[in-house]
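Chemist: Have a look at the structure that comes next, please.
The values are calculated or read from the model by the stated rules, or taken from the named source; none is laboratory data. Since the model is a prediction, treat every value here as computed from it, not as a measurement. Note: areas computed on protein heavy atoms with side chains; ligands, DNA, RNA excluded. Shrake-Rupley method; radii C 1.70, N 1.55, O 1.52, S 1.80 Å.
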Amino acid sequence: MRNTGYVGMVGRRVASVLLAGAMTVAAMPASAQFFFKSKDLSGEPVTGTEAGIGQPLPGATPAELRAGVAWNMRAALNVAALQCQFEPTLLTVNNYNAILTDHKAELAASFDTLTKYFARLAKTKKEGQAALDQFGTRTYSGFATVAAQYGFCTTAARIGREALYAPRGSFGDLALGRMRELRNSLTPWGEQQFPGSQVMPAALPRFDKACWKKDEFDTRRCGEPIVPVVYAAR
């Protein structure tokens, strides 16, 4: 006679564990993980005067420097929305669009501050507008990357998710606190847990209908049944 009570108790415990695990996974935000262990890219907060953070703004006030870093962050998240669509779970597009809506007032104020900065330094209104346009173009192009795409996309996704939940009026604070990390992500870094490791090409059987007779592979017609498959890099 089987001990159905014991089996039932074990089954309920297993079901409880699985349910708890499923609830934990469901509570975690979806995100891509490209490496077993990613490089720690965290950095110190910035003020906007540091070299390599963005386009220099000589003679800028603290408010103008903050606006410049905030606009750099907006540009970076915009580039990520365009460049990181190969991995939909990063949600870079949806989060960026939501950020534009939620932080609309602060972003508009930052752009207005930058417009007045370039107008203040220029001799004419036309020169001020040209300098602003050049600043914008160089800022956006400064976040374009190919070799460091994985690191940039995952970092921008994390920052974008944080910006999405940041209180209104604090986008500039977030930009000052995370810009160094975002800039660090533009340097290519690979697998940190197993450095030097390479992904071997996959090998799959040929599925050509002409190569099979019922459930047997025809080696005379099609050669070796297992062939390497090369995938294009994402």
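Chemist: May I ask you to give the average projected area over all directions of the convex hull of the Cα atoms of region 57-106, in nm² rounded to one decimal?
Modeler: One quarter of the hull surface, i.e. the mean projection, equals 3.9 nm².
Chemist: Counting only heavy atoms of the protein chains, get the accessible area per residue of region 100-176 (1.4 Å probe) and round it to a whole Å² value.
Modeler: Values: 4200 Å² over 77 residues.
For region 100-176, the solvent-accessible area averages 55 Å² per residue.
Chemist: Check the straight Cα-Cα distances from K39 and name the aspartates and glutamates below 15 Å, setting aside those fewer than 8 residues away within the same chain.
Modeler: E181, E191
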